[in-house]
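So the structure is just underneath, and the comments pick up after that.
The values are calculated or read from the model by the stated rules, or taken from the named source; none is laboratory data. None of the values given here were measured: they were computed from a predicted structure. Please note: Cβ atoms are built from the backbone with ideal geometry, for glycine as well, and neighbour counts cover all protein chains shown.
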Amino acid sequence: MPHDFPGQTDVYRRYFANGDAILGRKRDDHRLPAKALVVGVRIMDRSKAYALTAVVKARVVNDAVGDVPLVLFRTDDEAASVFRRDVAGQSLTFQASAGDSFTDRQTNSTWDPVTGRAIDGALKGTSLSAVPATTSFWFGWFDFFPGTELYPAVG
């Protein structure tokens, strides 16, 4: 999203605001606006895009790509982190807690959303495995991964 800081102007403000200013676009998909931001994940031959606004609103998303269990944590108003949500063969389910932390329902451990590390509880010191993810415009992600699934499912 565009930001203006004191003494600076965001030179991309008009680009973000104009949904039609897209050069080199290969494909159309109207499940999201073209310039909606998504967090894209690709595991093996499966790809999935998460509408960033949906992740930010939910604060935490427990999901899977194929048979790989994932969790997306909101890290601020415009960002999210992605981790595998399985630890030592156990699949964890996360929920938002007070402040900016999250707990798992299985052990009630508290987790840091940026590092994926348990900071309190039975799993304290345990780390979730980070999953490579890309924040992108929807049109760009869809151009590269036209068969992608979308969260939340639309239409």
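Being touching a residue at least 40 places away in the same chain (Cβ under 8 Å), in contact with a helix residue (DSSP H, G or I) (Cβ under 9 Å, 6 or more places away or on another chain), under 19 Å from Val60 (Cα atoms) and among the hydrophobic types (A, V, I, L, M, F, W, C) is a property that Leu128 lacks.
Does segment 88-114 hold any residues that are closer than 19 Å to Val68 by Cα, within 16 Å of the chain's Cα centre (by Cα) and among the charged types (D, E, K, R), and which are they? Scanning segment 88-114 gives no hits. When segment 17-66 is filtered for residues that are among the acidic types (Asp, Glu), at pLDDT below 95 and under 24 Å from Ala130 (Cα atoms), only Asp45 remains.
In the set Thr115, Thr135, only one residue is of a type in the set (S, T, N, Q), more than 24 Å from Ala36 (Cα to Cα) and at pLDDT 95 or above; that residue is Thr115.
Going by the structure shown, is Phe83 assigned to a helix (DSSP H, G or I) and in contact (Cβ under 8 Å) with a residue 12 or more places away in the chain? Judged against the criteria, Phe83 is not a match. Suppose the filter is without any contact (Cβ under 8 Å) to a residue 12 or more places away in the chain and of a type outside the set (S, T, N, Q); does Gly89 pass it? Taking the combined requirement at face value, the residue satisfies it. Residues that are closer than 24 Å to Thr110 by Cβ and either of a type in the set (Val, Ile, Thr) or without any contact (Cβ under 8 Å) to a residue 60 or more places away in the chain (or both) do occur in segment 47-56, at least one of them.
From the residues in segment 86-118 that are in contact with a Gly (Cβ under 8 Å, 6 or more places away or on another chain) and in a loop (DSSP other than H, G, I, E, B), which one is surrounded by the most Cβ atoms within 10 Å (Cβ to Cβ)? Taking the candidates together, the pick is Ser109.
For segment 52-80, how many residues are in a strand (DSSP E or B) and out of contact with any helix residue (DSSP H, G or I) (no Cβ under 7 Å at 6 or more places or on another chain)?
Matching residues across segment 52-80 total 13.
Of all the residues in segment 121-136, those that are in a strand (DSSP E or B) and either in contact with a Phe, Trp or Tyr (Cβ under 9 Å, 6 or more places away or on another chain) or of a type in the set (Gly, Ala, Ser) (or both) number 5. Could you tell me which residue of segment 69-85 is surrounded by the fewest Cβ atoms within 10 Å (Cβ to Cβ), considering only residues that are more than 19 Å from Leu150 (Cβ to Cβ) and more than 12 Å from the chain's Cα centre (by Cα)? Only one residue fits best here, namely Arg84.
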